[in-house]
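Read the structure below first, then the notes.
The values are calculated or read from the model by the stated rules, or taken from the named source; none is laboratory data. Keep in mind that this is a model prediction, so the values were computed, not measured. Backbone-built Cβ (ideal geometry, glycine too); neighbour counts: all protein chains shown. Surface accessibility is based on the protein's heavy atoms, side chains included, excluding ligands, DNA and RNA. Shrake-Rupley method; radii C 1.70, N 1.55, O 1.52, S 1.80 Å.
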Amino acid sequence: MTSASATTTKAPAAAPAAPRPLTTTCLDTGLLLLRVVLGLTMAAHGSQKLFGWFGGGGIGGTGQFFTASGYPAGDAMAVLAGLTETLGGLGLAAGLFTPLAGAALVGTMINALAVHGVGSFFAPEGIEYELLLTVGAAALALTGPGRYAADRFVPVLRENRAAHGALALALGVVLGAVLLLVRG
């Protein structure tokens, strides 16, 4: 017979610690930062179109640009683009109706990409800036705004974020494409 002290067994070696996942605070703060910067950038672009702020052309100058780019009713298109960028950008920054705000910006940016053309990728003649804004807005529409957002108080937007985002993006893409067809 062996004594209990004579038959000691070694404890298995501890498994290496798994990398710690990002905390929700980190994710929410990152989404807040992205929303605010992208949203306010787009709202500023919209205010250029609507009010001529920040060196913009206002409705008259932007309307002439839309007419020269092949859109009918240039002033109406300037108002539409200005409102979409301003309201979509402010909605994104606040995290209010985030899927729709992101989708509105995606639809607008589809038209910006088409008008700008794909002569090259890099600025100043390229599409990198427009593409970055488009993909950022689409990503926020799909992921949701994070915890630090007004959408927390909208019960329907607390669940099924991906489904709401996908539907909103489909709507934004379709409406953006319809405007391109109107452009002819």
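Note on the stretch 58-90: residues that are assigned to a helix (DSSP H, G or I), among the polar types (S, T, N, Q) and open to solvent by less than 30 Å² (accessible area, probe 1.4 Å) amount to 2. Annotation: D151 fulfils all but one of (1) assigned to a helix (DSSP H, G or I); (2) out of contact with any Pro (no Cβ under 8 Å at 6 or more places or on another chain); (3) surrounded by 15 or more Cβ atoms within 10 Å (Cβ to Cβ); the unmet one is (2). What residue, of L175, L180, L96, is open to solvent by 90 Å² or more (accessible area, probe 1.4 Å) and within 25 Å of G82 (Cβ to Cβ)? Going through L175, L180, L96 in turn, the sole match is L175. Of everything listed in (1) in a helix (DSSP H, G or I); (2) open to solvent by 20 Å² or more (accessible area, probe 1.4 Å); (3) of a type in the set (S, T, Y), the single unmet condition for T134 is (2). Would you call L31 open to solvent by less than 60 Å² (accessible area, probe 1.4 Å), assigned to a helix (DSSP H, G or I) and among the aliphatic types (A, V, I, L, M)? It is true that L31 is open to solvent by less than 60 Å² (accessible area, probe 1.4 Å), assigned to a helix (DSSP H, G or I) and among the aliphatic types (A, V, I, L, M). Right, V182: at negative phi and free of Cβ contacts under 8 Å to residues at least 24 places away in the same chain or not? Spelling it out, it is not the case that V182 is at negative phi and free of Cβ contacts under 8 Å to residues at least 24 places away in the same chain. Please verify whether the stretch 104-125 includes one or more residues that are surrounded by fewer than 17 Cβ atoms within 10 Å (Cβ to Cβ), over 15 Å from the mean Cα position of the chain (by Cα), free of Cβ contacts under 8 Å to residues at least 12 places away in the same chain and within 20 Å of A44 (Cα to Cα). Looking through the stretch 104-125, at least one residue is surrounded by fewer than 17 Cβ atoms within 10 Å (Cβ to Cβ), over 15 Å from the mean Cα position of the chain (by Cα), free of Cβ contacts under 8 Å to residues at least 12 places away in the same chain and within 20 Å of A44 (Cα to Cα).
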